[in-house]
1. Mind listing whichever residues of the stretch 64-88 are in a helix (DSSP H, G or I), closer than 15 Å to G37 by Cβ and in contact (Cβ under 8 Å) with a residue 40 or more places away in the chain?
2. Mind counting the residues in the stretch 1-21 that are part of a helix (DSSP H, G or I), surrounded by fewer than 16 Cβ atoms within 10 Å (Cβ to Cβ) and either touching a strand residue (DSSP E or B) at 6+ places or on another chain (Cβ under 9 Å) or touching a residue at least 24 places away in the same chain (Cβ under 8 Å) (or both)?
3. Tell me which residues, restricted to the stretch 51-63, are in contact (Cβ under 8 Å) with a residue 24 or more places away in the chain and not in a helix (DSSP H, G or I).
4. Looking only at the stretch 63-95, filter to residues that are of a type in the set (D, E, K, R) and surrounded by fewer than 14 Cβ atoms within 10 Å (Cβ to Cβ); which one of those is nearest to C3 (Cα to Cα)?
5. If I ask for residues that are under 20 Å from N85 (Cα atoms) and in contact with a helix residue (DSSP H, G or I) (Cβ under 6 Å, 6 or more places away or on another chain), which ones from the stretch 41-56 would you list?
6. Out of all the residues in the stretch 37-49, which are of a type outside the set (G, A, S), under 17 Å from C3 (Cα atoms) and either out of contact with any Phe, Trp or Tyr (no Cβ under 8 Å at 6 or more places or on another chain) or in a loop (DSSP other than H, G, I, E, B) (or both)?
Amino acid sequence: MKCLHVLPMNTLSGAEKLALILCKNMNKYEPIVVCGGEPLKTIFEENGIKSYSINFTKNIFRNANSLKKIIKENNIEIVHAHDNNASINSYLTKR
């Protein structure tokens, strides 16, 4: 089972640190991360976690389409949004 973590930020701060700890310790799920920039993507990849970087813009429908593509390509079953922005964008993938 695959779990997608959505992190719109580009720096390793509170929610991102928590997501890294969660991903490193997920035993029954394969973690995949979508983040808001290459620096954060690199940190997750260095820890052996498959990651994507998308440019989260003010156009939430474009963001949702980018997420939807990643969800479909990877057969994601669970989406964990780590902040309000991530929650809105993730919700719109189901619309």
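Coordinate-derived values only; no laboratory data. The model shown is predicted, which means the values in this text are computed figures rather than measured ones. Methodologically, a virtual Cβ is constructed for each residue, glycine included, from the backbone with ideal geometry; neighbour enumeration extends over all protein chains shown.
1. N85, A86 - these are the residues of the stretch 64-88 that are in a helix (DSSP H, G or I), closer than 15 Å to G37 by Cβ and in contact (Cβ under 8 Å) with a residue 40 or more places away in the chain.
2. Here the count works out to 1.
3. F56
4. Once the filter is applied, the top-ranked residue is E77.
5. Within the stretch 41-56, S51, Y52, S53, I54, F56 meet the criteria.
6. Matches in the stretch 37-49: F44, E45, N47, I49.
Listed here are the residues, each with its yes/no results for (1) touching a strand residue (DSSP E or B) at 6+ places or on another chain (Cβ under 9 Å); (2) not polar (S, T, N, Q).
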| residue | (1), (2) |
| --- | --- |
| I32 | yes, yes |
| K50 | yes, yes |
| S53 | yes, no |
| N65 | no, no |
| N74 | yes, no |
